[in-house]
Amino acid sequence: MLRRTIAVSTAAIAVAGLGIVNAPAANAYAYWRNGYFYGDTSYRGNVPGSHVKIVGRRDVARQLYYLTVHLYDQNPYDNNKAAFRVRGWDKNTRQWMFYRGYYMLFGGYDSVTLTVPTGAIDTIIVQDGIYGKTYGTNSVAVFRR
């Protein structure tokens, strides 16, 4: 009985693995590796012309989240400035406890490292956008408690 259960489980895992391999690749990624979070905003619903890559790490003892954001302006010939914003949500008070917005000059690449206090914040999100105009309808949650 145990051997049959193991065989059925192995077959189910193999079939699921084939489905994952054959599935179309997603544009965005978000994963944890060695205590660091890696993500980007190249997903459906992002703002064309702006792209953000994220690397984050939580310091539990100090209740801080270190977040490095790499901002790319993918259309340097328009008059728009690529931007991103980072927000921290406290579900107990139901309000944004942390907010930072950044933009860059026309075209190119920029990087900034932020330190976000996580004592009262339950969720930290990052959105890409165009400065003074719009931000993406989707966001990357880089931290959730």
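Some observations on this one:
- Applying the condition of being among the hydrophobic types (A, V, I, L, M, F, W, C) and open to solvent by less than 30 Å² (accessible area, probe 1.4 Å) to the stretch 30-53 and asking which residue is nearest to THR118 (Cα to Cα) yields PHE37.
Yes or no, residue by residue, for (1) of a type in the set (Val, Ile, Thr); (2) assigned to a strand (DSSP E or B):
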| site | (1), (2) |
| --- | --- |
| ASN79 | no, no |
| GLY88 | no, yes |
| TYR109 | no, yes |
| THR115 | yes, yes |
| GLY119 | no, no |
| GLY132 | no, no |
| THR137 | yes, no |
| ALA141 | no, yes |
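- Test for ALA120: is it among the hydrophobic types (A, V, I, L, M, F, W, C), open to solvent by less than 60 Å² (accessible area, probe 1.4 Å) and at pLDDT 85 or above: yes
- Meets criteria (modelled with pLDDT of 90 or more, in a strand (DSSP E or B) and either open to solvent by less than 60 Å² (accessible area, probe 1.4 Å) or among the aromatic types (Phe, Trp, Tyr) (or both)) for GLY56: yes
- Condition met for LEU71 (modelled with pLDDT of 90 or more, buried (at least 19 other Cβ atoms within 10 Å of the Cβ) and assigned to a strand (DSSP E or B)): no
- Every residue from the stretch 59-68 that is surrounded by fewer than 20 Cβ atoms within 10 Å (Cβ to Cβ) and either within 20 Å of the chain's Cα centre (by Cα) or not in a loop (DSSP other than H, G, I, E, B) (or both): ASP59, VAL60, GLN63, LEU64, TYR66, THR68
- Any hit, the stretch 97-114, residues being open to solvent by less than 60 Å² (accessible area, probe 1.4 Å), touching a Leu at 6+ places or on another chain (Cβ under 6 Å), hydrophobic (A, V, I, L, M, F, W, C) and modelled with pLDDT of 85 or more: yes
- Considering the conditions (1) over 13 Å from the mean Cα position of the chain (by Cα); (2) under 25 Å from GLY35 (Cα atoms), VAL126 is excluded by exactly one of them, (1).
- Selection status of TYR135, open to solvent by 40 Å² or more (accessible area, probe 1.4 Å), under 11 Å from ALA83 (Cβ atoms) and touching a Phe, Trp or Tyr at 6+ places or on another chain (Cβ under 7 Å): no
The values are calculated or read from the model by the stated rules, or taken from the named source; none is laboratory data. This structure is a prediction, so every number in the text was calculated from the model and none was measured. Every residue, glycine among them, receives a Cβ derived from its backbone with ideal geometry; neighbour counts consider all protein chains shown. Note: accessible area is taken over every heavy atom of the protein model, side chains too, but ligands, DNA and RNA are not part of it. Shrake-Rupley method; radii C 1.70, N 1.55, O 1.52, S 1.80 Å.
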